[in-house]
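Some notes on the structure that comes next.
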Amino acid sequence: MQVSLPIVPSKIPSIFPFHHPIYPPHPPHKSLSFQTQASPFKSLKTSGYLSTISRAIDEEEEYRKARAAVTRKGIEVEGYFIEGLSIGGHETCVIVPELKSAFDIGRCPSRAIHQNFVFITHAHLDHIGGLPMYVASRGLYNLKPPTVFVPPCIKEDVEKLLDIHRTMGQVELNLDLVALDVGETYELRNDIVVRPFRTHHVIPSQGYVVYSVRKKLKKQYIHLKGKQIEKLKKSGVEITDIVLSPEVAFTGDTTAEYMLDPRNADALRAKILITEATFLDDGYSIDHARQHGHTHLSEIIENAQWIRNKAVLLTHFSSRYSIEDIRQAVSKLQSKLSAKVVPLTEGFKSIHT
């Protein structure tokens, strides 16, 4: 009897050696009659042959999933395409093309160069190291000078850093460097604004919430007809209220303490919360995470009641974890949240690779 299976990638050992230990090759010229023999499936089950096949198929499926996760370049979530890298201590740059924005710049991945806005959360090199390269690359491609937002306490040092590169490289490095403080609002375009919120890292840090802006007719005018509303508008009466809706929140590096601050409520009710989860298991304690200014997955689970987002994108995992570790952690959190939980896994390795 011949059994046909799809070719299994070389990383998975073949289950069919040349001479099978249970089913040696049939002698030549001998035909099999299934009418006079017992059902072949019964003998296969007895021998464990089908279970071996099943394991191989399962392993192949796991391999396929792992390869897909490794090569994936972005995630579609709540109407936004999000891509980038976020590996704890190595590099963080999360890109949202619909907003023309990159949150932190990492080592300046090429996909970030075409984003008009960069939001820096803090001054650690794995988050800000690629800033001079980003600004220089924008100039190289004749793109308009970008707008870069930084916590006010580091603006002067960032200017010094850029001046050093201007001197060494004899380049212009044109940009609009904006010191945006917690609670302040900046208009990115007429229908989008951004506000920083307070986070808790080992050095000064802040997150950002991006809001959509829309106008809503004031309640006292809802009963009026179109011509009446138009007449009021022409007379100079303000007939609408401005409504801000939190769309995307990005924490950067932080402890879970930000989740307990009522002033950060908008971050926890944005459509998408992009938050760090550096440590995922018992290999590192919650105290260890807090001492280093990071969040442990168990803390997110513990504070799940405060999360009102439609989707949570987990980032900044320690490089010690595999894609399979991350996937398992996501399932733990998903069971506690109504929000969709998605990990940003680009740059992480699978146990199957």
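The values are calculated or read from the model by the stated rules, or taken from the named source; none is laboratory data. The structure displayed is predicted, hence computed values, not measured ones. Glycine gets a Cβ as well: all are built from the backbone with ideal geometry, and neighbour counts include every protein chain shown.
Key figures
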| item | result |
| --- | --- |
| Matching residues, the stretch 96-118, being in contact with a Pro (Cβ under 8 Å, 6 or more places away or on another chain) and of a type in the set (A, V, I, L, M, F, W, C) | F117, V118 |
| Among residues of the stretch 187-233, those that are in contact with a His (Cβ under 9 Å, 6 or more places away or on another chain) and of a type in the set (A, V, I, L, M, F, W, C), counted | 2 |
| Members of the stretch 241-291 found to be closer than 18 Å to V77 by Cβ and loosely packed, with under 14 Cβ neighbours inside 10 Å, listed by number | S245 |
| Lone unmet requirement of (1) out of contact with any His (no Cβ under 7 Å at 6 or more places or on another chain); (2) crowded, with 18+ Cβ neighbours inside 10 Å; (3) in contact (Cβ under 8 Å) with a residue 24 or more places away in the chain for I95 | (3) |
| Any hit, the stretch 201-223, residues being over 30 Å from P145 (Cβ atoms) and modelled with pLDDT of 95 or more | yes |
| Residue among L143, L175, L161, L180 that alone is touching a helix residue (DSSP H, G or I) at 6+ places or on another chain (Cβ under 6 Å) and touching a residue at least 12 places away in the same chain (Cβ under 8 Å) | L175 |
| Criterion: surrounded by fewer than 16 Cβ atoms within 10 Å (Cβ to Cβ) and among the hydrophobic types (A, V, I, L, M, F, W, C) - qualifying residue of I164, I120, I192, I113 | I164 |
| Of the criteria (1) outside any helix (DSSP H, G or I); (2) over 29 Å from R290 (Cα atoms), which one E184 fails | (2) |
| Helices (runs of 4 or more DSSP H) wholly inside the stretch 248-336 containing at least 3 residues that are modelled with pLDDT under 95 and touching a Leu at 6+ places or on another chain (Cβ under 7 Å) | 323-334 |
